[in-house]
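Trainee: Just passing along the structure, written as structure tokens.
The values are calculated or read from the model by the stated rules, or taken from the named source; none is laboratory data. Computed from a predicted structure; not experimentally measured. Every residue, glycine among them, receives a Cβ derived from its backbone with ideal geometry; neighbour counts consider all protein chains shown. Accessible surface areas use protein heavy atoms only, side chains included; no ligands, DNA or RNA. Shrake-Rupley method; radii C 1.70, N 1.55, O 1.52, S 1.80 Å.
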Amino acid sequence: MKMKQNKVIVIGGNHHNTLGVIRSLGYKGLKSFVIVVTDHKKPYLCYSKYVSQYQVLSSADKIVDFLLKIKDPNSKAVVISCADFVTAVLDSYWEKLIAYYHLPIGKGNVEKVMDKNIMSKVAYECGITTPKNYTLDELMFTDNRKYILKPLKSIEGSKADIAIVKNKTELDHFFLTVHCHKFQIQKFVEKELEFQLIGCSLNGGEIVVIPGASIILRQPENTNTGFLKYVGFDEFKYDGIDACKKFIQTIGYSGLFSLEFLRGKDGKDYFMEMNMRNDGNSICVTAAGVNLPYIWYCYCIGKDDWKNETANLIRKTIVMPEFDDFINVLKRKITLLQWIKDIRKTDHFMEYDKTDTKPFYIGLCQQISGYCKLVLKKIHIIK
């Protein structure tokens, strides 16, 4: 398969994260070559009008061979990662790929920094407040203390492998049911709110673009891709931007990223982790006025438009991942009436886009079909 002269490749799962990048580039007149790592035969995002070509791969270990197969020795394509495992693979093989592609990498250092204990240590040394880390031997279940356990590396676990424990019984039960075996253990922070700094790092942190902050309005289960608002720093005060830029420069990362924080009830902002890839919420930044994927693309090909994009003013924007958020209605966490009210005040959706409707309707049909199959399976099991 030969790649058309679009010079941008988006790699990720069959998810609104990848779709958001495709559309962000599409708004600027760019059509993407999309590599989808999934076992789904018909990925819904590939029906986007902003996709020029696509390839479905069954596993991450096929990414490098495929990129080498479609390489163009005369023209370096820009690559955007939409998943942790994609960034880890690209960074591990950067020496083989760098002659043919502009990569979101840390020159072989990314997978090491994905270790949350190392990440936390480097962040702390750069002046960013982090929750205290513990070993299993240091845990003391007294004075109502709580601890949060998370996979040491996101690529080695899932959101389901996260737990908050407050006694030995809960800890033992967690280890009996969990699928991951290496963990970061931290003091649990009683949060006031959760926010992200979504941005783009150029040339190993020489230039770091962070236009504003995304603030979670409705917290979903085991993820931070929820109903949210995006605002500039004139509205949301955070005084650690310089420390964040120092952190990114220290690890030498280039590409799209997000930094996750909790604002504790004690008034402090605690760093949780860095995602070294496009963030699932990042379409909110595009909708607010700054197109981060386009900045990365322009910088890589030497086009000065990235400077103009960084100068755009941020407008407050409400964003909803409507497929995921509707689960809150099904689980009766909010009423249908409340959800409809929230829909009416939403400025941008993660699935529906009036300029690119096909992925929404196909995705909706696939969601309904999957839900019906699940219900029928449960009925069959019960019978």
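Trainee: Please check: in the Gaussian network model of the chain (C-alpha springs, under 10 Å), which one of Lys96, Lys229, Lys168 has the largest mean-square fluctuation.
Mentor: Highest fluctuation among the options: Lys168.
Trainee: Considering only protein heavy atoms, with the full assembly of protein chains and a 1.4 angstrom probe, order Tyr238, Tyr352 by accessible area, largest first.
Mentor: Tyr352, Tyr238
Trainee: Of Phe236, Phe183, Phe175, which has the largest mean-square fluctuation in a 10 Å C-alpha GNM of the chain?
Mentor: For the chain, modelled as a Gaussian network with Cα springs under 10 Å, the answer is Phe175.
Trainee: Give me the percent of accessible area attributable to carbon and sulfur for the chain, probe 1.4 angstrom.
Mentor: Of the solvent-accessible surface of the chain, carbon and sulfur hold 52 percent.
Trainee: How much accessible surface does Asp234 have with a 1.4 Å probe, in Å² rounded to 10?
Mentor: Per-residue accessible area (Asp234): approximately 130 Å².
Trainee: A further question follows. Could you give the dipole magnitude of the range 165-316 about its Cα centre, charging the beta-carbon of Lys and Arg +1 and that of Asp and Glu -1, in debye to the nearest 20?
Mentor: Dipole about the Cα centre, nearest 20: 140 debye.
Trainee: Quickly rank 110-116, 68-74 as a protection proxy: mean count of other C-beta atoms within 10 Å, highest first.
Mentor: My ranking of the peptides, most packed first, is 110-116, 68-74.
Trainee: Under a 1.4 Å probe, what is the accessible area of the chain per residue, stated in Å²?
Mentor: For the chain, the per-residue accessible area is 49 Å².
Trainee: From the cross-link list Lys150/Lys316; Lys28/Lys62; Lys62/Lys153; Lys146/Lys191; Lys121/Lys245, which pairs have alpha carbons spaced over 24 Å apart?
Mentor: Lys150/Lys316; Lys28/Lys62
Trainee: In nm, to one decimal, how far is the Tyr124 label point from the Leu336 one, both placed 7 Å along Cα→Cβ?
Mentor: If labels sit at Tyr124 and Leu336, their model points lie 5.0 nm apart.
Trainee: Calculated FRET efficiency, Asp39 and Lys358, Cβ-Cβ r, R0 25 Å, to nearest 0.05?
Mentor: 0.70
Trainee: Here's another thing I want to ask about it. Does the range 259-383 come out rounded, prolate or oblate, given a ≥ b ≥ c as the square roots of the eigenvalues of its C-alpha gyration tensor, rounded meaning a/c under 1.5 and, failing that, prolate meaning a/b above b/c?
Mentor: Prolate, because a/c is 1.5 or more and a/b exceeds b/c.
Trainee: Still on this structure: Would you please put 284-294, 138-148, 257-267 in order of how densely packed they are, using the mean number of other Cβ atoms within 10 angstrom per residue and starting with the highest?
Mentor: Per-residue Cβ counts within 10 Å, averaged per peptide and sorted highest first, yield 284-294, 257-267, 138-148.
Trainee: Between Lys69 and Lys146, what length comes free when the chain is fully extended (0.36 nm per residue of separation minus the Cα-Cα distance, one decimal in nm)?
Mentor: Full-extension gain reported as 22.7 nm.
Trainee: Straight-line reach only, C-alpha to C-alpha below 14 angstrom: list the aspartates and glutamates that Lys182 could link to, leaving out same-chain residues fewer than 8 apart.
Mentor: Lys182 reaches Asp115, Glu156, Asp161.
Trainee: Specify which labelled value, from (1) 56; (2) 40; (3) 37, agrees with percent of Cα pairs over 30 Å apart derived from the coordinates of the model shown.
Mentor: Checking each listed value against the structure points to (2).
Trainee: What FRET efficiency comes out for the pair Asp305/Asn117, r = Cβ-Cβ distance, R0 = 41 Å, nearest 0.05?
Mentor: Rounded to the nearest 0.05, the efficiency is 0.55.
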